Amino acid sequence: MRLGLNIGYWGLRGRNSDDVATVREAERLGYSVVWAAEAYGSDAVTVLAFLAAQTSTIDLGSAVLQIPARTPTMTAMTAATLDTLSGGRFRLGLGVSGPQVSEGWHGVRFGKPLARTREYVEIVRMALERKTVRYDGETYQLPLPDGPGKPLRLMIPSVRERIPIYLAAIGPKNLELAGEIADGWQPVFFSPQHADEHLTRIRAGRAKVDQGLDGFDIAPTVPIVVGDDLDACAGPVRPYAALYLGGMGSRQQNFYNDLATRMGFGDAAARVQDLYLGRNYDAAAAAVPFEFIDATSLLGPVERIADRMAEFAAAGVTTLSLTPHGNDHEETIATLRAAAEALEKSGLAA
């Protein structure tokens, strides 16, 4: 198992120089990849291009590029360019986002996310393989029929023959699709104790293409807080968990709330959502069960974190992508170093 760093949305933590220093320290410590996110603030592509110029060995990944934000051929162009600029270090994470962002920000209907994702990945792969793009799908038609468009081929090659594609999947059918068409999976709120159900779906998808889990990267984003007081360690993670359980979606459709329910936290997740949608954010954060945070995070002293890392590895995780919840830059750097120490203590370093 290797470590990764998820820096989330650029610019929310303060100075750019601190973010760059954090990524460079992760690179120095041997972290395998840094991931950047996007929603409706900073975009991931610009951030990753900037970081490509600031680093030399660490891989650069999107977690995730939003499918409704770009055409599949634009994403292929972006992936090929980032892979070239970084010397073959780019990993392409994709996700359909949610109805509120897809329809409210991008103006793209959210319907049929499974079919859209499948077609999108097929076109991206076709373009990256520098095939002439002809596609007649339910969502995408290239070229458009009855018009002046002509089939085109990507003008530039990427550094590698195959850029790895990850899917941010949550629901059972999406998990199976990820196993079938992707090279990796980017889960959130991954709990080793609840992993079997998810991995069963991933394996089912892999079986459709006569593949097992060997070579398939399971790369959850996992909050980490180092300290002796577990309750205090959970504190900085609470607002993040409340945002996703309560505010990432509507009352009728919140994939993260549904995930918590499937994990056995249904009553608490409903309470968090009620409080969050009622704009009682502090109470919503306080209502997130410690057991949920502890199950999906790395909390405590280095020795406990090392033991928990072993649990994640035993559950199938191959890249443990950490989100340090430090109060300042110095604490974030200390957390990165503590995580590297914990990985060494666990005996799992790849």
Using the structure shown, decide if Arg160 is in contact (Cβ under 8 Å) with a residue 40 or more places away in the chain, closer than 27 Å to Ala207 by Cβ, open to solvent by 40 Å² or more (accessible area, probe 1.4 Å) and in a loop (DSSP other than H, G, I, E, B).
-> yes
Please tell me if Leu177 is open to solvent by less than 30 Å² (accessible area, probe 1.4 Å), in contact (Cβ under 8 Å) with a residue 12 or more places away in the chain and in contact with a Gly (Cβ under 7 Å, 6 or more places away or on another chain).
-> yes
Listing of strands (runs of 3 or more DSSP E) fully contained in the stretch 1-78 that carry 3 or more residues being open to solvent by 40 Å² or more (accessible area, probe 1.4 Å) and either without any contact (Cβ under 8 Å) to a residue 60 or more places away in the chain or among the polar types (S, T, N, Q) (or both) = none
Of the criteria (1) within 28 Å of Asp307 (Cβ to Cβ); (2) under 18 Å from the mean Cα position of the chain (by Cα); (3) part of a helix (DSSP H, G or I), which one Tyr166 fails = (3)
Within the stretch 294-321, work out how many residues are within 19 Å of the chain's Cα centre (by Cα) and crowded, with 23+ Cβ neighbours inside 10 Å.
-> 8
Answer yes or no: is there a residue in the stretch 189-196 that is modelled with pLDDT of 95 or more, of a type in the set (S, T, N, Q) and assigned to a helix (DSSP H, G or I).
-> yes
Of all residues in the stretch 322-343 being in a helix (DSSP H, G or I) and among the small types (Gly, Ala, Ser), which is most open to solvent (accessible area, probe 1.4 Å)?
-> Ala334
Lone unmet requirement of (1) touching a Ser or Thr at 6+ places or on another chain (Cβ under 8 Å); (2) within 24 Å of Ser32 (Cβ to Cβ); (3) among the polar types (S, T, N, Q) for Asn174 | (2)
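The values are calculated or read from the model by the stated rules, or taken from the named source; none is laboratory data. Since the structure is predicted, the reported quantities are computational estimates derived from the model, not experimental observations. Methodologically, a virtual Cβ is constructed for each residue, glycine included, from the backbone with ideal geometry; neighbour enumeration extends over all protein chains shown. Each accessible area value is taken on the protein alone, full model and side chains, heavy atoms only, with ligands, DNA and RNA left out. Shrake-Rupley method; radii C 1.70, N 1.55, O 1.52, S 1.80 Å.
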